[in-house]
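One structure, as structure tokens, below. Some questions next.
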Amino acid sequence: MAYQAVLLDIDGVLTVSWRALSGAIDAVFQLRAAGYCLRFVTNTTSRTRQVLSETLAEAGFDIEPGEILTAAAATAAYLRHAHPGARCFLLTSGEIGPDFQGIALAEPGEPADVVVIGGAGIEFGYDSLNHALRLLQKGAPLVAMHRNLYWQTRDGLSLDAGPYIVGLEQASGVHATVIGKPARAFYEQALVDLGVPAGSTVMVGDDIEADVRGARDAGIAGVLVRTGKFRQTDLEHPAVVPDAVLDSVAALPGWLKTMQSRA
């Protein structure tokens, strides 16, 4: 397959705790020099695209805000389309206000039409989760930016929103609409942004479910890297076999060059 575009996860692939992984900066440079169309797709919900771009610049990357597709921005776009004018109870860690511009947000304890769950943090206390549950019991739909179980930090794996979402679903009987990876719509939006067909695109990530399975469900090749949240048991997944497994993103330009020579 002659690939034209590359989707790159950020956390765990390019960085860990916002520090560049070995060889990642040079890999992005080589991909650009080789002419690949790039988009940086992330379930990170604690920062806007502008802040992500600035944070990545501090780590040594040259990535424009317009090249980044976040679960938070995709969720905001979904809410404007599917729930116009709705008042949302937003439970997330970090500051993503600019991405939610124009969406009415309810304070904790106030009535709301939609419950929106982002990335987990100290905000996920009993009172906030119990308020979310009561809103769901009253008929509010549940929208999740993603349902990641954990992510990799310098101190090890840290709990993410997925377990909380499962708990809310079980307690309320309401099934969450998931917007970020691995949702097919998220990947299809990235393809529309790139203007490249799925069969000419490869996704590179450290999550066998959100990155590899999600991409493959959208017709995109999925490459798994042995960094970030990768665990050896990922290779024993009963339903997902990556198109390739690389030690890190540093090996990606060479792998792509090999694939191009075979096309």
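The values are calculated or read from the model by the stated rules, or taken from the named source; none is laboratory data. These figures come from a predicted structure and were not determined experimentally. Here the Cβ positions follow ideal geometry from the backbone for every residue, glycine too, while neighbour counts run over all protein chains shown.
For a quick check of your reading of the model, give me the residue pairs whose first member lies in segment 57-70 and is farther than 16 Å from W18 by Cα, whose second is of a type in the set (A, V, I, L, M), with beta-carbon atoms closer than 6 Å and at least 6 apart or on different chains.
Here the result reads L69/V41; L69/A190, each pair linking segment 57-70 to a residue that is of a type in the set (A, V, I, L, M).
Any chance you could count how many residues in segment 127-155 are at pLDDT below 90 and of a type in the set (D, E)?
Looking only at that region, the number is 1.
Out of segment 223-241, which residues are free of Cβ contacts under 8 Å to residues at least 60 places away in the same chain and either polar (S, T, N, Q) or over 25 Å from S17 (Cα atoms) (or both)?
Hits for segment 223-241 are Q232, T233, E236, H237, P238, A239, V240, V241.
So, in segment 200-216, how many residues would count as being over 10 Å from N43 (Cβ atoms), among the acidic types (D, E) and either at pLDDT 95 or above or not assigned by TED's automatic domain parsing to the domain that holds E236 (or both)?
Result for segment 200-216: 1.
Something else about it: Exactly one condition in (1) more than 18 Å from the chain's Cα centre (by Cα); (2) of a type in the set (A, V, I, L, M, F, W, C); (3) over 18 Å from Q30 (Cβ atoms) is not met by I208; state its number.
(1)
Using the structure shown, decide if C88 is over 16 Å from the mean Cα position of the chain (by Cα) and under 18 Å from H146 (Cβ atoms).
yes
In the set A120, A86, which member is out of contact with any Lys or Arg (no Cβ under 7 Å at 6 or more places or on another chain) and free of Cβ contacts under 8 Å to residues at least 40 places away in the same chain?
Exactly one residue qualifies, and that residue is A86.
Which residues, taken from segment 112-169, are surrounded by fewer than 17 Cβ atoms within 10 Å (Cβ to Cβ), polar (S, T, N, Q) and either in a helix (DSSP H, G or I) or in contact with an Asp or Glu (Cβ under 8 Å, 6 or more places away or on another chain) (or both)?
Answer for segment 112-169, where residues must be surrounded by fewer than 17 Cβ atoms within 10 Å (Cβ to Cβ), polar (S, T, N, Q) and either in a helix (DSSP H, G or I) or in contact with an Asp or Glu (Cβ under 8 Å, 6 or more places away or on another chain) (or both): S128, N130, Q137.
Please count how many residues of segment 219-239 are aliphatic (A, V, I, L, M), at pLDDT 95 or above and in a loop (DSSP other than H, G, I, E, B).
Number satisfying all stated conditions: 1.
For a quick check of your reading of the model, give me the residue pairs whose first member lies in segment 163-185 and is in contact (Cβ under 8 Å) with a residue 24 or more places away in the chain, whose second is part of a helix (DSSP H, G or I) and of a type in the set (D, E), with beta-carbon atoms closer than 7 Å and at least 6 apart or on different chains.
From residues that are in contact (Cβ under 8 Å) with a residue 24 or more places away in the chain, the pairs are H175/E169; A176/E169; K181/D211; P182/E209; P182/D217; R184/D217.
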